[in-house]
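The values are calculated or read from the model by the stated rules, or taken from the named source; none is laboratory data. Everything numeric here is computed off the predicted structure, so don't read it as measured data. Here the Cβ positions follow ideal geometry from the backbone for every residue, glycine too, while neighbour counts run over all protein chains shown.
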Amino acid sequence: MTNARTNAPEELVIRGVHILDPSSNLDGISDIRLSAGLVNEVGKNLRGPRYLDADGLYLFPGFVDVHAHWRTPGREDEETIESGSAAAAAGGFTSVVMMPNTDPVVDKPVVVSGLLRRIEKESRVRAYVSAALHEGLKGERLTEMRLLQEAGAFCVSDDGLGTQKAGVLRNAMLYAKSTRLPIILHCEDHTLATGVVHDGIAAALAGLPGSPGSAEDVATATALVLAAETGAKVHVTHVSTSLSAALVGFFKGRADVTADTTPHHLTLTDELVSTLEGLYRVNPPLRPDGDRLGVGDALKSGILDFVATDHAPHDASEKDLPLEEAAPGFLGHETAFPALYTKLVQTGKLSLSRLVEAMSSSPGQWLRGKGYGISPGAPADLTLVDLSDEWILREDSLVSRSSNSPYLGQKLTARIVGTMVGGELIYNGLGAKFGARA
Ligand code: DOR
């Protein structure tokens, strides 16, 4: 991990802001003093040489996204570290894990160290590198995980492809365990995942080839059984079916396992494939409402630990195509919080505090350890939000280099107005109004 910025002001007091951090039992209007890049004090009537009046705004621990494709190296036309991290900052994210399905794949120490150098120069947020679990993500030869770790990789993953052979995955878990590297698993059985959308009524009506939910469930079950046996630290990413979520629940306490789901699997369904638009192709595919609700319940109860976006930028030439020919994936960073707030919190399906926990302290603790949250001495990684702002997502306002968002044209509530990393304002959504006063 690295973060280039060191321009934080020596001291800043944010006044009259609603601080919400369930991990620190904070939920109320207060002042907060930031000093030397850290949270210094939370309390009433704080004074300081510089201050910001934040009446009516909410302050959360900085959001953390453990699943992003910044397309570097290889497809910088779709996203770069600069643009990906700017999009993350605009979405309130202060830490991000970059996935290794790049060109070249992040399967050699030199690729890891090259990425870390670029992150140091270009990233606005704290960026962590996931190296590959297998050479070329092929699920055959293990990568040299120990050397990848020494070069600075935070975790390993073959994301984009599931490991197809249980024996190979078991060996990968044993090796990863010996290095203590967490594994992020994309669970998909390719003998079952032969279609381009979920295999259900919507696929049948649209005449599209489907992949059944079992393509994910079978692979998830295999991964969890092996995790329990080997003791490896396993994170199951983008869980999209009720059964996979239930399997994760069964293995909690039996394996060192955590899991996430995505904003799109929580808010969209496979009915969208009736449009036949390539935009709506994603992997795992959008599921029927029963799965969307099941995954939502699992996030609510904590069986699914947190949200991760699977931010997957694609050029228009890969998305403005018939669904069967399009590349899978959606943008995620800029809309994650507003989409979930609008579609789950405002409709009463999820509490604001659980959403905040699932986007900040829960993934933050997975990535950065136990103390992640708003407390004296913690890094001032913070997200400032206006929960009352209603806005329409327009293509020309996206910060990402790509524009494949499934929420384009939709009215969303809640706007990120400021993102701070180590006390430095790395995203300013309020313009001049944000200027802290002396
Ligand atoms: O939809 C997806 N897009 N799912 C993945 O697993 C990979 C990602 C990508 O890299 O585009």
(request) Spot the failing condition for Thr419; the list is (1) crowded, with 24+ Cβ neighbours inside 10 Å; (2) not in a strand (DSSP E or B), and only one is missed. (result) (2)
(message) Among the numbered criteria (1) within 13 Å of the ligand (Cβ to nearest atom); (2) closer than 27 Å to Phe337 by Cα; (3) of a type in the set (Val, Ile, Thr), which one does Val106 miss?
(response) (2)
(message) Going by what's in this entry, would Ser403 be described as modelled with pLDDT of 95 or more, farther than 19 Å from Ile29 by Cβ and under 21 Å from the mean Cα position of the chain (by Cα)?
(response) yes
(message) For segment 271-316, give me each residue that is of a type in the set (Ser, Thr, Tyr) and within 14 Å of the ligand (Cβ to nearest atom).
(response) Tyr280, Thr309
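Rundown of residues vs (1) touching a residue at least 60 places away in the same chain (Cβ under 8 Å); (2) in a loop (DSSP other than H, G, I, E, B); (3) within 16 Å of the ligand (Cβ to nearest atom), yes/no style:
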position: His333; (1), (2), (3): yes, yes, yes
position: Pro338; (1), (2), (3): yes, no, no
position: Thr342; (1), (2), (3): yes, no, no
position: Lys349; (1), (2), (3): no, yes, no
position: Ser353; (1), (2), (3): yes, no, no
position: Ala358; (1), (2), (3): no, no, no
position: Pro363; (1), (2), (3): yes, no, no
position: Tyr372; (1), (2), (3): yes, yes, no
position: Gly377; (1), (2), (3): yes, yes, no
(message) Against the definition (under 18 Å from Ala312 (Cα atoms), out of contact with any strand residue (DSSP E or B) (no Cβ under 6 Å at 6 or more places or on another chain) and surrounded by 24 or more Cβ atoms within 10 Å (Cβ to Cβ)), how does Ser123 come out, yes or no?
(response) yes
(request) Please identify the pairs in which a residue from segment 115-138 that is more than 30 Å from Val168 (Cα to Cα) and assigned to a helix (DSSP H, G or I) has its Cβ atom under 6 Å from the Cβ atom of a residue that is modelled with pLDDT of 95 or more and of a type outside the set (Gly, Ala, Ser), counting only partners at least 6 apart or on another chain. (result) Arg118/Ile81; Ile119/Ile81; Glu122/Ile81; Glu122/Glu82
(message) Restricting to segment 237-258, name every residue that is out of contact with any Pro (no Cβ under 9 Å at 6 or more places or on another chain), within 16 Å of Arg292 (Cβ to Cβ) and among the aliphatic types (A, V, I, L, M).
(response) Leu243, Ala245, Ala246
(message) Being within 13 Å of the ligand (Cβ to nearest atom), surrounded by fewer than 21 Cβ atoms within 10 Å (Cβ to Cβ) and not charged (D, E, K, R) narrows it down to one residue among Gly136, Gly84, Gly74; which is it?
(response) Gly74
(message) Return the residues of segment 143-167 that are within 27 Å of Val282 (Cα to Cα) and either out of contact with any Leu (no Cβ under 7 Å at 6 or more places or on another chain) or not hydroxyl-bearing (Ser, Thr, Tyr) (or both); say none if nothing qualifies.
(response) Ala153, Phe154, Cys155, Val156, Asp158, Asp159, Gly160, Leu161, Gly162, Gln164, Lys165, Ala166
